[in-house]
1. So what are the three principal axis dimensions of the range 52-101 from its Cα atoms, in whole Å, longest to shortest?
2. I need the calculated FRET efficiency for the pair residue 112 and residue 40, taking r as the beta carbon distance and R₀ as 22 Å, to the nearest 0.05.
3. Quick one: order 57, 100 from most to least accessible surface, probe 1.4 Å.
4. So how much accessible area does residue 105 have, in Å² to the nearest 10, using a 1.4 Å probe?
5. Looking only at Cα atoms, what is the convex hull volume of the range 29-118 per residue, in Å³?
6. Just want the answer: with Cβ charges of +1 for Lys and Arg and -1 for Asp and Glu, which residue in 100, 110, 83 is farthest toward the dipole's positive end in the range 57-128?
7. Could you sort 120, 84 by accessible area so the largest value comes first, with the probe set to 1.4 Å?
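The values are calculated or read from the model by the stated rules, or taken from the named source; none is laboratory data. All of these numbers come straight from a predicted model, not from anything done at the bench. Cβ coordinates were reconstructed from backbone atoms using ideal geometry, including for glycine residues, and neighbour counts include every protein chain displayed. Heads up: the accessible areas ignore ligands, DNA and RNA and are worked out on the full protein's heavy atoms, side chains in. Shrake-Rupley method; radii C 1.70, N 1.55, O 1.52, S 1.80 Å.
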Amino acid sequence: LIRQYSRWFSTRRHQSERWKRWRDLGIGVGNNSIHVMVYLYIYSFFFNVLTFIVYGWDKHLAIKNKPRISENALLLFAIAGGTLGAFLAIRVFGHKSRKWPFLIKLFAVVIIQLVSIFFLQHYGLVNI
């Protein structure tokens with residue numbers, strides 16, 4: 001019985017050390033957190049631009065009556081970090097603006113992302 005508890009405590013200690021290592025890499029608050037956040041901003045910028053282009057290309061394909069990009073692929077771009085690009089493309093191109101099931105899924109993605117950011121920031125894993 002004592003061995004079981006000691007094994008449990010030792011794994012807990014290793015898990016907390018793992019989180020400390022993640023924070024030391026800059027994902028949390030620390031000296032290295034600035035450069036990781038810069039990488040996240042660069043990733044976010046380029047992925048939003050890519051998502052905007054993909055939505056525009058799908059609108060172009062829709063106008064030309066050619067085979068199109070699936071809604072699941074478009075949502076996957078939003079999930080991967082291109083939410084702002086998706087909303088901007090919907091506004092600029094008027095693409096998928098009347099498709100309520102798609103818009104509800106896109107808003108669900110936004111809510112999930114906002115809740116995730118809140119929890120990551122609340123537990124100190126990301127400093128935004």
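1. 28, 22, 19
2. Working: r = 17 Å, r/R0 = 0.79.
So, using R0 = 22 Å, E works out to roughly 0.80.
3. Working: 57 135, 100 165 Å².
Result of the area sort, largest leading: 100, 57.
4. 100 Å²
5. On the way: hull volume 8.0 nm³, N = 90.
Cα-based convex hull of the range 29-118, divided per residue, equals 88 Å³.
6. Among 100, 110, 83, the one farthest towards the positive end of the dipole of the range 57-128 is 100.
7. Numbers: 120 70, 84 130 Å².
Largest accessible area first, the list is 84, 120.
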